[in-house]
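The values are calculated or read from the model by the stated rules, or taken from the named source; none is laboratory data. Keep in mind it's a predicted model, so treat the numbers as computed, not measured. FYI the Cβ positions are ideal-geometry reconstructions off the backbone, even for glycines, and counts take in every protein chain you see. Just so you know, the surface numbers come from the protein's heavy atoms only, side chains and all, with ligands and any DNA or RNA stripped out. Shrake-Rupley method; radii C 1.70, N 1.55, O 1.52, S 1.80 Å.
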Amino acid sequence: FPTYSDLATFQEKTQIIINTTPIGMYPNNPASLIDISNFPNLTGVADVVYNPHRTTLLLQAESLGLPYSDGLPMLIAQAVSAANLFQNKTHDPDCIERILTDIRQELENIILIGMPGVGKTTVGMELAKELGRTFCDADIIFAEQVGISSGDYIVQHGEEAFRKKESEILNQLGSQTGLIIATGGGCVTVPDNYLYLRQNGRIYQLIRPVAQLATTGRPLSQGGMERLIELEQIRTPLYEAFAQCKVENHTVEMAVSAIKEDFYAHISD
């Protein structure tokens, strides 16, 4: 029988890849067995893993623009078939899609990224209040775990050391479900953070004019308007690469409304 060492012989003719192993499943996420960019004729990817929602394999498929599916639809379909058999009932086949949507809506994280001082914490707290969800601020959790604020830590130990600890926290948060997560402004500078955040969530970039950004207590935002503009120019492409949706934060109410509308419209993505 072929093994993984024989993958190269199948690369040209493979059209669909289905992972039926537990590789990539929580708590061993992110992990993946293969690099699907080596399969030029691939038309779709499936992964029977359903926790997390998007394994590394599926995130790679997403980045390549390939259709993909996790294992939750199959799990629900199996449950409905079992209910039909053991309860001697005939459930409407459409109930599979309804159940799937309800579960996705309950479990998918809403993640806020954007420039320091753009209002991620304020918007996140209001979202959590309206949706009845738990709100998590990565900077607050950092301070609780480390004992000092992220700003003070950067001053004392440097940005590189901070980013390493920040990524550990984002991995912890991203592995959970049903949360509203506000991230630090520079989390997008670490590519692996995308895997941690996107695996169970939809990512929103909050936008606000540079002149309106809060700077108090943010070491990397110091240096006046010129520094802020420079920081925005560097980070904007990174925010756009992470985010599935951009939201103007003119007011908290408008931002919350826009996020909710987009979230429910794309809950099955």
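Scanning region 19-30 for any residue that is assigned to a strand (DSSP E or B) and under 24 Å from the mean Cα position of the chain (by Cα) turns up at least one such residue.
Going through (1) in a strand (DSSP E or B); (2) open to solvent by less than 40 Å² (accessible area, probe 1.4 Å); (3) more than 25 Å from ALA31 (Cα to Cα) one by one, ILE111 falls short only on (3). Search region 223-245 for residues that are closer than 11 Å to ILE113 by Cα and pair each with any residue that is open to solvent by 30 Å² or more (accessible area, probe 1.4 Å) when their beta-carbon atoms are under 7 Å apart and the residues are at least 6 apart or on different chains. Listed pairs, sorted by first residue: LEU238/THR189; PHE242/TYR194. Scanning for something in contact with a Ser or Thr (Cβ under 9 Å, 6 or more places away or on another chain) and modelled with pLDDT of 95 or more, does region 146-157 turn up at least one residue? Looking for residues that are in contact with a Ser or Thr (Cβ under 9 Å, 6 or more places away or on another chain) and modelled with pLDDT of 95 or more, one finds none in region 146-157, hence no. Only a single item in (1) more than 18 Å from the chain's Cα centre (by Cα); (2) over 30 Å from VAL256 (Cβ atoms); (3) surrounded by 12 or more Cβ atoms within 10 Å (Cβ to Cβ) is not met by ILE99, and it is number (2). Selection of region 39-78 for residues being open to solvent by 60 Å² or more (accessible area, probe 1.4 Å), outside any loop (DSSP other than H, G, I, E, B) and in contact with a helix residue (DSSP H, G or I) (Cβ under 8 Å, 6 or more places away or on another chain) yields only TYR68. Among the residues of this structure, PRO27 counts as one that is touching a Ser or Thr at 6+ places or on another chain (Cβ under 9 Å), open to solvent by 70 Å² or more (accessible area, probe 1.4 Å) and not polar (S, T, N, Q).
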